[in-house]
1. With respect to the numbered conditions (1) over 22 Å from K284 (Cβ atoms); (2) in a helix (DSSP H, G or I); (3) of a type outside the set (D, E); (4) in contact (Cβ under 8 Å) with a residue 24 or more places away in the chain, which one is the sole condition not fulfilled by A50?
2. Of all residues in segment 152-171 being within 16 Å of the chain's Cα centre (by Cα) and charged (D, E, K, R), which is nearest to ligand 1 (Cβ to nearest atom)?
3. Would you tally the residues in segment 87-106 being closer than 20 Å to A10 by Cα, of a type outside the set (V, I, T) and crowded, with 20+ Cβ neighbours inside 10 Å?
4. Looking only at segment 94-122, how many residues end up being closer than 20 Å to W183 by Cα and either over 18 Å from the mean Cα position of the chain (by Cα) or modelled with pLDDT of 95 or more (or both)?
5. Would you list the helices (runs of 4 or more DSSP H) that sit entirely within segment 213-297 and hold 3 or more residues that are within 16 Å of ligand 2 (Cβ to nearest atom)?
6. Scanning for something at pLDDT below 95 and of a type in the set (A, V, I, L, M), does segment 131-144 turn up at least one residue?
7. Of all the residues that make up segment 53-98, how many are within 16 Å of ligand 1 (Cβ to nearest atom) and either more than 30 Å from K159 (Cα to Cα) or outside any helix (DSSP H, G or I) (or both)?
8. Filter segment 264-284 down to residues that are out of contact with any Gly (no Cβ under 7 Å at 6 or more places or on another chain) and crowded, with 19+ Cβ neighbours inside 10 Å, then give me how many there are.
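The values are calculated or read from the model by the stated rules, or taken from the named source; none is laboratory data. The structure displayed is predicted, hence computed values, not measured ones. Using ideal geometry, Cβ is built from the backbone for each residue, glycine included, and neighbour counts are taken over all protein chains shown.
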Amino acid sequence: MSTKIRVLDADAKSGDVASVLREDGAVIARDVVSQHGVKSMTDQLAKMMAAEEVGGGEFMGNRTKSFGNLYSRGAIFSEQILLNNRILQVLDGTLLPQCRMGDVPVDSQSGAAQAGYNPATFDYSSGFNQPKRDPVTGPNCHHYRLHCAGIIEVWPGGKLQPLHREMDIYRPFIEHDPEQPDWVVACLVAGTEFTAANGGTRIVVGSHRWSADRVPQESEATQAEMPAGSALFWLGRTFHGLGINRTELPRTAILTIFSVNWLSQEENQFLSVPPEIARTLPEKAQQLVGYRGSMVGWSTGRDNEFQLRESTPA
Ligand SMILES: O=C(O)CCC(=O)C(=O)O
Ligand SMILES: [Fe+2]
């Protein structure tokens, strides 16, 4: 395993991106969003960002501007990120849901393109006696959905963000365990070029497999360097943090973190993207925001697949 962040080109198979992510704890996939897509997203937020003061507090390094509620700020974000097949396929390959969200490549034998339910499913109709699952092959959840999402600009000056794991928010209820499956995956789309000089995200490659007591040293981190439109993925168990910007222009990240459906979302998406806004988004985006149920998350009178719909009376 390399200590550098491996970079896969636009023509790499999503399955290979997911394999590197599972092996190294982070990976860069090039050209996941077009330059036009990136510009449309950053333009949409430009006015609001311009009105914001640089700050953000100690954990963010004191020189950032950031906002959550990303998917309530225009359908462009859903179009570019939540409906992005390459992103969804990488999530399918790491969070291992029963309900896949990306298109499955055409099966060379049957010719059938299979999307949706994984054949190795939980079968709730047979009661609660589910067979034991293999966490390495999954399924590890019924579906996955948004965990938190926003834009982060790093401005010149500031301090290093402490190296942290996204899973730390669940401590002490869930402690780091290198044998755990992946329950949280971050997908950061570069809104500007990322360099070592402008605060490219620091990643401690391989730290998802470390024992719980190992403390990361700054010298073990490598910075993500990539052009705008590339995506940096990291696992919820990988140590990382934003860097210091030593240039004159801000560095912009469009950060979407996803988690398995049975964990509580970090950002309360039902407040951030309330039903009246979610209804304006494509149905797949509504599911990914969290308007979807299973044995967890049901609501009486609602279609579990698309909970903004009334269910048809039996
Ligand atoms: O923007 C970045 O480079 C990473 C930010 C991050 O990891 C966080 O805020 O939790
Ligand atoms: Fe983070």
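1. A50 satisfies every listed condition except (4).
2. Restricting to residues being within 16 Å of the chain's Cα centre (by Cα) and charged (D, E, K, R), the top hit is E166.
3. Filtering segment 87-106 down to residues closer than 20 Å to A10 by Cα leaves 87-94, 101-106.
Restricting the remaining residues to those that are of a type outside the set (V, I, T) gives 88-89, 91-93, 101-103, 105.
So of that shortlist, the ones also crowded, with 20+ Cβ neighbours inside 10 Å come out as 88-89, 91-93, 101.
Total meeting the criteria: 6.
4. Going through segment 94-122 one residue at a time, the tally reaches 8.
5. none
6. Yes.
7. 16
8. 3
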